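Please treat every number below as a calculation from the coordinates, not as lab data. Note that the coordinates shown come from a computational prediction; the quantities given were computed from them, not determined experimentally. Neighbour counts are summed over all protein chains in view; Cβ atoms, including those assigned to glycine, are modelled from backbone coordinates with ideal geometry.
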């Protein structure tokens, strides 16, 4: 996986948080906690990557640990589902084949880019 730089930090967090929020909104329904959940996961994942962690298993475990105390009561997911989706999103962006994805997963990047371009994300 491509190593990110400190200069890319804010853009990487915004992108990953936006992609996670869109996934959560796609899979269930638009919920206010999705934004905070996506941001918290993206911040942790990005910080780990900036510290040199690029191994997906370690990223999943680190993000899940960060999210353990998140209030998931208004969501339909848990810490490990969100952490796992972080790794899937990153692998898909890098062009890796990811098993068990659906059409929404395949088109999410294009849809997110369109939302950003329209000022809606």
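Approximating the spin labels as points 7 Å out from Cα along Cα→Cβ, the residue 97-to-residue 61 distance works out to 2.7 nm.
Is the shape of segment 61-121 best called rounded, prolate or oblate, per the rule: a/c under 1.5 gives rounded, else a/b larger than b/c gives prolate, else oblate, with a ≥ b ≥ c the square roots of the Cα gyration tensor eigenvalues? Oblate, since a/c reaches 1.5 and b/c is not below a/b.
Full extension of the segment from residue 26 to residue 107, taken as 0.36 nm per residue of separation minus the current Cα-Cα distance, would add 28.0 nm. The candidate values are [x] 19, 18, 15; [y] 32, 16, 11; [z] 25, 19, 13; the one derived from this structure for semi-axes √(5λ) of the Cα gyration tensor in Å carries the label [x]. The slack in the chain from residue 120 to residue 68, taken as 0.36 nm per residue of separation less the alpha-carbon distance, amounts to 15.8 nm.
Helical content of the chain, expressed as a calculated mean residue ellipticity at 222 nm, amounts to -21500 deg cm²/dmol (DSSP H runs of 4 or more residues, -39,500 (n - 2.57) each, divided by residue number, nearest 500). The mean sequence distance of close C-alpha pairs (under 8 Å, at least 6 residues apart), as a share of the length of the chain, puts its relative contact order at 28 percent.
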